[in-house]
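Below is one structure, written out as structure tokens; the observations come after it.
We did not get these values from a lab; they are worked out from the coordinates using the rules stated. All values derive from a computational prediction rather than experimental measurement. In this analysis, Cβ positions are derived from the backbone assuming ideal geometry, glycine residues included, and neighbour counts consider all displayed protein chains.
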Amino acid sequence: MTDRYQSPLSERYASKEMQYIFSPDMKFRTWRKLWIALAETEKELGLNITEEQIEELKAHADDINYDVAREREKVVRHDVMSHVYAYGVQCPKAKGIIHLGATSCYVGDNTDIIVMTEALKLVQKKLINVIAELAKFAEEYKALPTLAFTHFQPAQPTTVGKRATLWMQEFLMDLEDLNYVLSTMKLLGSKGTTGTQASFLELFDGDQETIDKIDPMIAKKMGFKECYPVSGQTYSRKVDTRVLNVLAGIAASAHKFSNDIRLLQHLKEVEEPFEKTQIGSSAMAYKRNPMRSERIASLSRFVMVDALNPAITSATQWFERTLDDSANKRLSVPEGFLAIDGILDLCLNVVDGLVVYPKVIEKHLRAELPFMATENIMMDAVKAGGDRQELHERIRTLSMEAGKNVKEKGLENNLLELIAADPAFNMSLEDLQKTMKPEKYTGRAKEQVEAFLAKIVNPVLEAHKEILGMKAEIHV
């Protein structure tokens, strides 16, 4: 279809798995499962519903007659009642008990919760796989010294693997948040038009104890531990806010990761995957643009801003319900999930194929290392009988001179030569060059990586080992 708008989230970014979770098929099949759960519950609690009616409903749970529903909706202008009607056409014996005692939100809202829960599980799976790939990367490069930056200015060295632990730690924080929200997801249940269960009071002749059993029984049949204890007609839209805040958190972590990769690619130290036939620029054939990382940043900004939608919707609901949530929810929730799905696929693809250039890393590090080694040089000179205060002033002056040579004259860093020529240090150039071992200046970076992987990351990966090994397919 080239004559109408198509969402890039479906066409370019999101996986088939995530798209199915938010598909009409998933939605309407879940509606039918909920109608079956309601009928079974009502039968088990004593209403006049037969096993034959239940079996008829089950027989047509998946073969949805969409054409009948569409035609009916043109007449009644109500999606739920159109599908009640269509289900009844297929199930003439059960037609009279479908949706008994329920309101539209029974299928609509419960399905929304079920769909978001399934989507969170897929996000969880992909997030854990991103962490697993980063763990491999951190382990491989845990001891490789690299120039660290504060304010994007050269600072004390770290290791390539240690830097990866910073990305991992943020994703692990997101996983903690996701796990918590996932563990708190509850169904709406069947509470009626204003949440009072008045229709069931009528159906069950005022039997309070029996009515108390309805929601727990429906929850169990649908694979949930419980329903929200109170509601208006809908579940609280605060739930959507919590869910999309988790997605926004993942997006923020992914954005930070992608920015670092883009900066490293500019430095030619680390590159994202670049295929043999990939074109970086239509004009500049030599270019290797970090387009995957740029796409991560782009989609991440969308998700972070999208989280405002459910927050504002939640804040502006009136009393037991208004319908100004509906159109917004149809856009903001699915699109937030489709985008984060694309983001995590991109992260997985990038980390799995990261290319590291140790020689470039070493070159950059050695250009700055003399400045970073000055404290050690000063200590060695003091041990040899020098005056600490005098030496500090001499190093300061010589560092300024070397910096001027680099910045204003475009020369190499000659700080070591300047120090060797200064009698106050009583050190030869050869002595000084022996101190230029990058690994001497990375502190406990390697040990921190090892401890982080062993104590924090590996237990998480071990607990989810059955879902590891995912590969991401990037469409464009």
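With the cut-off at 26 Å, tell me which of the pairs LYS125/LYS446; LYS186/LYS329; LYS221/LYS471 have Cα atoms farther apart than that.
Working: LYS125/LYS446 28 Å; LYS186/LYS329 18 Å; LYS221/LYS471 33 Å.
With Cα atoms farther than 26 Å apart: LYS125/LYS446; LYS221/LYS471.
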Provide the gained length on full extension for the span ASP25 to ARG388, in nm with one decimal, where the gain is 0.36 nm per separating residue minus the Cα-Cα distance.
-> 123.0 nm
Which parts of region 427-442 would a label at ARG366 reach, counting a residue when its backbone N lies under 18 Å from a point 7 Å out along Cα-to-Cβ?
-> 429-442
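Counting Lys and Arg as +1 and Asp and Glu as -1, what is the net charge of the other residues whose Cβ lies under 11 Å from the Cβ of SER104? Intermediate results must be reported in sequence, preceding the final value.
Numbers: positive: ARG321; negative: ASP79, ASP109.
After counting each charged neighbour, the total is -1.
Take each of the peptides 14-22, 33-41, average the number of other beta-carbon atoms within 10 Å over its residues, and list them starting from the highest. Write down the numbers at each step before the final one.
Numbers: 14-22: 18.8, 33-41: 21.9.
So the order, starting with the most tightly packed, is 33-41, 14-22.
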If the label point sits 7 Å along Cα→Cβ of GLU375, residues of region 146-162 with amide N under 14 Å come out as 155-158
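Of LYS363/LYS407; LYS58/LYS126; LYS136/LYS465; LYS225/LYS465; LYS142/LYS437, which sit over 22 Å apart, Cα to Cα?
Values: LYS363/LYS407 17 Å; LYS58/LYS126 33 Å; LYS136/LYS465 14 Å; LYS225/LYS465 25 Å; LYS142/LYS437 16 Å.
Violating the 22 Å limit, Cα to Cα: LYS58/LYS126; LYS225/LYS465.
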For PHE149, enumerate residues with amide H under 5 Å from its amide H, sequence gap 5+ or separate chain, H modeled in the peptide plane.
-> ALA155
Would you tally the net charge around GLY195, using a Cβ to Cβ cut-off of less than 10 Å, leaving GLY195 out, and scoring K and R as +1, D and E as -1?
-> +1
Please identify which residues in region 364-403 have an amide N closer than 18 Å to a label point set 7 Å out from the Cα of LYS268, following the Cα→Cβ vector.
-> 364-368
